[in-house]
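Written below as structure tokens is the structure these notes are about.
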Amino acid sequence: MKLYGPRMGSSLRTHWVAAEVGTTCETVAVDFSKGEHKGEAFLQINPMGQVPALVDGDFKLAESMAICSYMIETAGSDLGGKNAQQRAKAWQWSLWAALNLYPHLSTLASPLWTQQPLASDVEAAAKAGATKYLPVLNTHLGTQRYMVGDNFTVGDINVATVLAYAAFSKYDLSSYPNITTWLAGVTDRPAYAKASGAAKA
Ligand SMILES: N[C@@H](CCC(=O)N[C@@H](CS)C(=O)NCC(=O)O)C(=O)O
């Protein structure tokens, strides 16, 4: 398998899953500064011109969560969950984070890659959005060790890598102690260190 994308952003979760389930991939850098992600060759792999993307023989796949699922299944791993209910719950929280939290946290982090400050109304709306959803996650993590009960699953990886955008934007999570405790625990895993290099989410 060839995995296109850096060890950060949405791509980080694919490297993390690969490290958890033991998938060996050739990792391919895509140089945004040269516009490689919008070049003809890469658009053949992902017409969206976005990383991550995966190539396995003649199979091409985009969307980081789909790539994670493919790696888990092809590795024969139960990282997706041990039964239908766990797998469904892992998906529930993954989609919840991608659809609700990610838009706000990525907006707050976006000056890092746009090099443009956020308009104050945009920043206020993103903060209000994050403040609406983070308490839900904090309450959930007060009732169980991981996103899905006592088992670490891809749901933890998908949600933790959304929360990484809070760190990028220096968004203060200290008023959500269950989130910070859980995040410290999951990012302490050897696979996270292997996937991310030195940086903590
Ligand atoms: N929903 C996609 C998002 C992918 C995405 O936004 N990738 C960013 C880097 S983190 C990218 O390639 N941006 C370049 C662009 O959109 O032109 C996923 O999870 O894979």
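Within segment 43-57, restricting attention to residues that are away from the ligand (no atom under 11 Å from the Cβ) and either under 12 Å from K2 (Cα atoms) or acidic (D, E) (or both), which residue is surrounded by the most Cβ atoms within 10 Å (Cβ to Cβ)? Step by step, filter segment 43-57, then rank; the result is I45.
Are there any helices (runs of 4 or more DSSP H) wholly within segment 116-201 with 2 or more residues that are surrounded by fewer than 17 Cβ atoms within 10 Å (Cβ to Cβ), and if so which?
Answer list for segment 116-201: 120-141, 177-186, 190-196.
Scanning segment 58-72 for residues that are away from the ligand (no atom under 12 Å from the Cβ), in contact with a helix residue (DSSP H, G or I) (Cβ under 7 Å, 6 or more places away or on another chain) and either under 20 Å from E20 (Cα atoms) or not basic (K, R) (or both) yields M71, I72.
Scan segment 8-42 for residues that are within 11 Å of the ligand (Cβ to nearest atom) and either closer than 15 Å to E73 by Cα or assigned to a helix (DSSP H, G or I) (or both) and jot them down. Explain how you work it out, then say what you get.
Our first condition is that a residue be within 11 Å of the ligand (Cβ to nearest atom); within segment 8-42, this holds for 8-14, 30, 32, 35-38, 42.
The answer is G9, S10, S11, L12, R13, T14, F32, E36, H37, K38, F42.
For residues that are over 13 Å from G129 (Cα atoms) and out of contact with any Pro (no Cβ under 8 Å at 6 or more places or on another chain), scanning just segment 99-115, find the one that is surrounded by the most Cβ atoms within 10 Å (Cβ to Cβ).
The selected residue is A109.
The numbers here are math on the coordinates, done by the rules we state, and not lab data. If you're wondering where the values come from, they're calculated on a predicted model, not measured in any experiment. Counting neighbours? That spans all protein chains shown, and the Cβs are built from the backbone with ideal geometry, glycine included.
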